[in-house]
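Heads up, the thing below is written out as structure tokens.
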Amino acid sequence: MLSLPPDTDVAILGAGLAGLSIASWLIDVIPPHASAPRVHLLEARQADTNDRTWCFWDQQPHPFRKAISHRWPRWQVRFGNQCVEREDAEHCYSLLSASAMRRSAYAAMATRPEFDFTRGVDVGTISPQDDGLHIATSQGGLTSKLVIDTRPPQAAMLSSHEGVWQVFHGVEVHCPDHGVSPSTACLMDFQTGFSGVNFVYLLPLDDHRLLAEWTCFHVDKTHPDCQRLLTQQVPPQLSDWLNKRLGTQWTLSRQETGCLPMMPVVAPQLNPRYLAAGIRGGWMRPATGYMFASCQRGAADVARQIQRASQTGRWELTPPRLRSSALEWMDKVFLQALRQSPEQAPGWFMQLFERTRAIEQRRFLGDEPRLSDLLAIMRGLPAGPFLKAAIRLARHS
Ligand SMILES: Cc1cc2nc3c(=O)[nH]c(=O)nc-3n(C[C@H](O)[C@H](O)[C@H](O)COP(=O)(O)OP(=O)(O)OC[C@H]3O[C@@H](n4cnc5c(N)ncnc54)[C@H](O)[C@@H]3O)c2cc1C
């Protein structure tokens, strides 16, 4: 059995995107020769898997820039014969693999003796004590002055009646000559003949490799239909699509699957020493399922708060404010409209991408919109269904 220290200054529960982003930002904000708080990461998994890739518009500084493996200056959306394409060579749509992100974070942590990382620890309950929080784990307990909890949210924390589940299955395939333009990421290629919204996401990784994902939505993750989608329907649909597009010359090299809660999260609160972060803290954008950009802003904010706490001895954290009320409201209206009229969504997206500029799209989807971008997005969407959704939302709130 592993032995944990009896206490630490900061415990980070879960070493996924949020946990490792906070650790990496903390190393960035602590001056090299200054003393740092003792930080202990506790992770349930014994071993890492390259089980996901993060894509995002690379618009703001973050600790993983050097680990980005692919950049696409152009992005497009497609529906039948229609295609809308936009370009921004200065702020490319970018890909960071889970392996590269972890390598970067582990290398940074190895430079600071104050950072400790234990794998194979299942974290259980957290209870307040006089001088901190007690964390019960499968390897015994430890006490920490601050706890940052990035474990996945429990069902009760999700406002599932306000959103949908994004169900997707992706494959990285090798194909001698796929013929897809290497500089263009296809964000959505809408598919017809399936129930609800279905689209393929296609990223050319080089002349011989592609990442392709099939995405659809369901209102209830626990419903057997949703499980069937994930395991029995979406994977063969994607294979058929690849066969039609590439012929049978492709071979599978990696897969990724997800069922993401596109809905508001009510982050748990315990006391000011405890902070829920990552998806658990509501850091993922409900309307898109993107989290990377807001996660970096949240992680930077939390890292600065930890550094301040260790200097002042006031061990308290405040949840970072990641989105404006206007953006939160727009996301809620969008999700309501998607729940009400999913069959119309491909048309809305095509119209939106057609009527807005690259800069407005990347700032809005990249979670950093200005007021002018929000107005442009509103103007780009059809008024009728969104007004209906806004009214319904107002009635139920
Ligand atoms: C396949 C996939 C692809 C995605 N692609 C994108 C993308 O392109 N762009 C984007 O912005 N977002 C993407 N997302 C959404 C989101 O960014 C990721 O889900 C992200 O990993 C969420 O970060 P997190 O830290 O909240 O959770 P995670 O990264 O899942 O980290 C949580 C950690 O907690 C650990 N844990 C769980 N229970 C315990 C326990 N009891 N004790 C200790 N540790 C525990 C887990 O093992 C895990 O390591 C994707 C998600 C998936 C699943």
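Scanning the range 355-370 for residues that are out of contact with any helix residue (DSSP H, G or I) (no Cβ under 8 Å at 6 or more places or on another chain) and open to solvent by 30 Å² or more (accessible area, probe 1.4 Å) returns a single hit, Leu365. Residue check: Ala108 meets all listed conditions (1) surrounded by fewer than 20 Cβ atoms within 10 Å (Cβ to Cβ); (2) of a type outside the set (D, E, K, R); (3) under 29 Å from Thr288 (Cα atoms); (4) in contact with a helix residue (DSSP H, G or I) (Cβ under 7 Å, 6 or more places away or on another chain) but one, namely (3).
Looking for something in contact with a helix residue (DSSP H, G or I) (Cβ under 7 Å, 6 or more places away or on another chain), modelled with pLDDT of 95 or more and in a strand (DSSP E or B) - is there at least one such residue anywhere in the range 218-231?
Here is the first cut: in the range 218-231, the residues in contact with a helix residue (DSSP H, G or I) (Cβ under 7 Å, 6 or more places away or on another chain) are 218-220.
Narrowing the set further to residues that are modelled with pLDDT of 95 or more leaves none.
No, the range 218-231 contains no residue that is in contact with a helix residue (DSSP H, G or I) (Cβ under 7 Å, 6 or more places away or on another chain), modelled with pLDDT of 95 or more and in a strand (DSSP E or B).
The set of residues from the range 1-43 being among the β-branched types (Val, Ile, Thr), under 23 Å from Phe64 (Cβ atoms) and away from the ligand (no atom under 12 Å from the Cβ) comprises Val10, Ile27, Val29, Ile30, Val39.
Take the residues in the range 115-169 that are of a type in the set (D, E, K, R) and closer than 24 Å to Pro319 by Cβ, then tell me which one is surrounded by the most Cβ atoms within 10 Å (Cβ to Cβ).
Step one: list which residues in the range 115-169 are of a type in the set (D, E, K, R), which gives 116, 119, 122, 130-131, 145, 149, 151, 162.
Retained after the next criterion (residues that are closer than 24 Å to Pro319 by Cβ): 130-131, 145, 149, 151, 162.
On the way: Asp130: 5, Asp131: 11, Lys145: 21, Asp149: 25, Arg151: 20, Glu162: 18.
Filtering the range 115-169 for residues that are of a type in the set (D, E, K, R) and closer than 24 Å to Pro319 by Cβ, the one surrounded by the most Cβ atoms within 10 Å (Cβ to Cβ) comes out as Asp149.
The set of residues in the range 264-288 that are more than 10 Å from the ligand (Cβ to nearest atom), open to solvent by less than 20 Å² (accessible area, probe 1.4 Å) and in contact with a Phe, Trp or Tyr (Cβ under 8 Å, 6 or more places away or on another chain) contains only Ala287.
For the range 290-320, taking the residues that are touching a Gly at 6+ places or on another chain (Cβ under 8 Å) and not aliphatic (A, V, I, L, M), the one that is nearest to Phe217 (Cα to Cα) is identified as Tyr290. For the range 76-101, a residue qualifies if it is farther than 24 Å from Ser253 by Cα and in contact (Cβ under 8 Å) with a residue 60 or more places away in the chain, and the qualifying residues are Gln76, Val77, Arg78, Phe79, Gly80, Gln82, Val84, Glu85, Arg86, Glu87, Asp88, His91. Taking first residues from the range 28-50 that are over 12 Å from Val121 (Cα atoms) and among the charged types (D, E, K, R) and partners that are assigned to a strand (DSSP E or B) and open to solvent by less than 40 Å² (accessible area, probe 1.4 Å), the Cβ contacts under 6 Å between residues at least 6 apart in sequence or on separate chains come to Arg38/Thr8; Arg38/Asp9.
Going by what's in this entry, would Ile22 be described as within 30 Å of Ile135 (Cα to Cα), in contact (Cβ under 8 Å) with a residue 60 or more places away in the chain, open to solvent by 20 Å² or more (accessible area, probe 1.4 Å) and not in a strand (DSSP E or B)? Lay out the reasoning, then the answer.
Working: within 30 Å of Ile135 (Cα to Cα): yes; in contact (Cβ under 8 Å) with a residue 60 or more places away in the chain: yes; open to solvent by 20 Å² or more (accessible area, probe 1.4 Å): no; not in a strand (DSSP E or B): yes.
The answer is no for Ile22.
The values are calculated or read from the model by the stated rules, or taken from the named source; none is laboratory data. It should be emphasised that the depicted structure is a prediction, and the values quoted were computed from it without experimental measurement. Please note: Cβ atoms are built from the backbone with ideal geometry, for glycine as well, and neighbour counts cover all protein chains shown. With ligands, DNA and RNA removed, areas are computed over all heavy atoms of the protein, side chains included. Shrake-Rupley method; radii C 1.70, N 1.55, O 1.52, S 1.80 Å.
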